[in-house]
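The block underneath contains the structure these notes are about, expressed in structure tokens.
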Amino acid sequence: MTIARALTIAGSDSGGGAGIQADIKTFTVLGVYGMSALTAITAQNTLGVHGIYNLPLEAVEKQIDAVVTDIGVDAAKTGMLSSAAIIETVAARIRAHRIQRLVVDPVMVAKGGARLLEESAQNALIRQLLPLAEVITPNLPEAQVLIDREIKTLEDMREAAKRIHQLGPQTVVVKGGHLEGEAIDIVFDGSEMLELRSTRVHTRHTHGTGCTFSAAITAELAKGKSVMDAVSVAKEFIAYAISDSLELGGGHGPTNHWAYSKRQSRVNS
């Protein structure tokens, strides 16, 4: 049996809603074999992040090498890379192994407001990792950091996509979840700019949406899909996951990673 293989290089979320846990769940639902290289361990639940513990650089490096040299990787994604040294280590391994289909989720701030990326690491992210990305998926706060400019309107999002594209990634997906009205994402590949729209669901249970969305893109890229097809599936996946939330915990609960498969089963029955 041949199966697509996807690697997530990210932090662990002990609450299971974000990080590598969300990524592996998403890979599995989309029929992709998921692997992980942990960069950090967080003590985390729906109420917030209570501790961040970075792994040694050698551990990060060896995890990536072990997976790539034996099992192989069709696509990879990065999530929480909380220091410049970790970013530089990950970028070096991606270059060494010539991983082409890379999705960068520039994780900077947790849903509860905790900062997950040291300020000193921002330049390393832009300089080392963005030029390697086939796709980058910033939300509005992350896009604002990347371009050092406030984003308040759809036109601001379009301009942000252009500016971020100049930093090196092949395709930019600026997520509009923080604006009012429809949930509109802007997709820009350097020549064509598209809008992906979905109905906004009013819920506080949105923990891990960024991880899940970028993981869905990665899974579809691992299958050999085009970037636009991968982003379209991911948009549908996360819309279902949010609309059918699990309502766990006393804070920002996780999305429902099984919602997409449930909807697909109903369609096919």
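Summary of values
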read-out	value
Separation of the LEU57 and ARG204 label points, Cα + 7 Å toward Cβ, nm	4.1
Potential lengthening between ARG127 and GLN166 on full extension [0.36 nm per residue; Cα-Cα distance subtracted]	12.9 nm
Under 21 Å from LYS62, Cα to Cα: lysines that are on another chain or at least 8 residues apart	LYS77
Neighbourhood net charge (11 Å Cβ-Cβ; Lys/Arg +1, Asp/Glu -1) for GLN128	+1
Using distinct alpha-carbon pairs, which all enter the 1/r mean, Kirkwood radius of the chain in Å	18.2
Most positive-pole-ward Cα, LEU246, ALA133, SER120, against dipole of the stretch 5-268 from beta carbon charges	LEU246
Translational diffusion coefficient (Stokes-Einstein; Kirkwood radius from C-alpha pairs) of the stretch 14-126 at 10 °C, 1.306 mPa s, in µm²/s	108
The stretch 5-268 - share of DSSP beta bridges that are antiparallel (%, nearest 5)	45
Straight-distance crosslink candidates among lysines, where the alpha carbon sits under 16 Å from LYS152 and sequence neighbours closer than 8 are dropped	LYS162, LYS175
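Any read-out appearing in this document is the output of simple, stated calculations on the displayed coordinates, not a laboratory observation. For clarity, every value in this text was computed on a predicted model and none was experimentally measured. Cβ atoms come from the backbone with ideal geometry, glycine included; neighbour counts cover every protein chain shown.
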